[in-house]
Structure formats: structure tokens, C-alpha cells
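The values are calculated or read from the model by the stated rules, or taken from the named source; none is laboratory data. Predicted model, so just to flag it, every value in this text is computed and none were measured. When we count neighbours, we look across all protein chains shown, and the Cβ atoms used for this are built from the backbone with ideal geometry, even at glycine. All accessible areas refer to the heavy atoms of the entire protein, side chains included, with ligands and DNA or RNA removed. Shrake-Rupley method; radii C 1.70, N 1.55, O 1.52, S 1.80 Å.
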Amino acid sequence: MNKRQWALLISAGLIAAILGIGLSSFKHRTTEAKDQAVELFLKEELKGPDGAIHVTKEWRNKILVLNFWASWCPPCVEEMPTLEKAYSLYKDKNVLFVGIGVDSPSNIRQFLEKTPINYPITVNPIEGVNWAKNMGNPSGGLPFTVLVDGKGVIKKTKLGKISEDELKSWLDSAILPSK
């Protein structure tokens, strides 16, 4: 190959890389939540995989960590121990974790038999995707985590697996103002 062919090949590669990065950034972006997203969510009655009903209006005035997940999503499954650990550390500080499964009830039940979770898990395959979109996740990608303060305002969102340090930072900053 001559220099010109190499230059064309390298240029084409750079253009493809730039387009790929741009597309990935667009696909994995989050947006501003709709103003009433949390208020509408807190008017729901959600069903757990065991059939138990969770009345969300009872969650008002709490710091909420809403985690949209599915059992078939590897990063969702990988972050479950982090969420469970944080729940144990913060549950006595007016913090409530809620797992919103966008999966079938049978898949979620099977998952929970193998991996017990101590915070509320709900099953909302269709509504869950819509709530996630309204809370700032237009792509509907998973996992998606939302931090809601005690006044019902979305403070943080994360599309993708959340780290223990990131979650701890979120919660510490949400709790400090309420002391």
C-alpha cells in the first residue's frame, strides 16, 4: 500500500470511530426528567413478584433509590450486591430502595429465589419502561438508577451499572441536607 491508501484507510477509521462514539453517547444519554414523573409514580400501587401490593404514596417524604432492572441484564445482576449492601447501610436513615423489574414475574421470582433481596422489588414490565423514560432515560436502557429526595425531586440519575462509591456519594449528599 502506498502513503495515499494508508492515509485514506486511517481517515476512514477515524471517521468510523468518531461516528461510533457519537452514536454510543446519544444512545446512552439521559435527559431531564419530566416535572411530574415522581408525583405520578407516587400515586401507583405496585405489585411485587409474590403478589404483595406496594402503595407508593407511603414512600413520600423518603429518600428513594429507584433501580430499574431485569434478570436477563448482566450489569443489573452484577450491581445487585452493591444495592443490597447500600440498602443495609442506609435503611435506618429515611432511605428506601425499590427495585422496579421490567421483566416477567416468573423470571423475577426465579432470580429472587437464587439471590434474596431485602428491599421492595416490584414487577412492572411495561409501566417500568415508561416511568424510566419519564425520569430521564429515553433509550430505556438498563440498569437505570434514580435518586429522589424527600421532597420528590429527582437529584441524580445513572444509566448503567452504579458503583458502590458513586451510590454512597449520592446517598450521603441526599442525607446531609436533612440532618
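Quick notes on this structure:
- Selection of segment 105-129 for residues being without any contact (Cβ under 8 Å) to a residue 40 or more places away in the chain, part of a loop (DSSP other than H, G, I, E, B) and surrounded by 15 or more Cβ atoms within 10 Å (Cβ to Cβ) yields I117, Y119.
- Of the residues making up segment 35-72, those that are under 14 Å from M135 (Cβ atoms), open to solvent by 40 Å² or more (accessible area, probe 1.4 Å) and in a loop (DSSP other than H, G, I, E, B) are D35, Q36, E44.
- Here D172 fulfils each of the conditions (1) touching a helix residue (DSSP H, G or I) at 6+ places or on another chain (Cβ under 7 Å); (2) more than 21 Å from V77 (Cα to Cα) apart from (1).
- Residues being part of a helix (DSSP H, G or I), buried (at least 17 other Cβ atoms within 10 Å of the Cβ) and without any contact (Cβ under 8 Å) to a residue 60 or more places away in the chain - total across segment 85-104: 1
- Qualifying residue in segment 11-30 (condition: modelled with pLDDT under 95, farther than 28 Å from K161 by Cβ, out of contact with any Asp or Glu (no Cβ under 6 Å at 6 or more places or on another chain) and part of a loop (DSSP other than H, G, I, E, B)): no
- Within segment 141-163, residues that are closer than 11 Å to V38 by Cα and of a type in the set (D, E, K, R) sit with their Cβ atoms under 8 Å from residues that are open to solvent by 40 Å² or more (accessible area, probe 1.4 Å) and part of a strand (DSSP E or B), at 6+ positions apart or across chains, in these pairs: D149/K155.
- When C76 is tested against (1) open to solvent by less than 40 Å² (accessible area, probe 1.4 Å); (2) farther than 16 Å from V129 by Cβ; (3) in contact with a Leu (Cβ under 8 Å, 6 or more places away or on another chain); (4) assigned to a helix (DSSP H, G or I), only condition (2) is not met.
- Test: residue in segment 138-153 that is open to solvent by 80 Å² or more (accessible area, probe 1.4 Å), at pLDDT 95 or above, not in a loop (DSSP other than H, G, I, E, B) and not aliphatic (A, V, I, L, M): no
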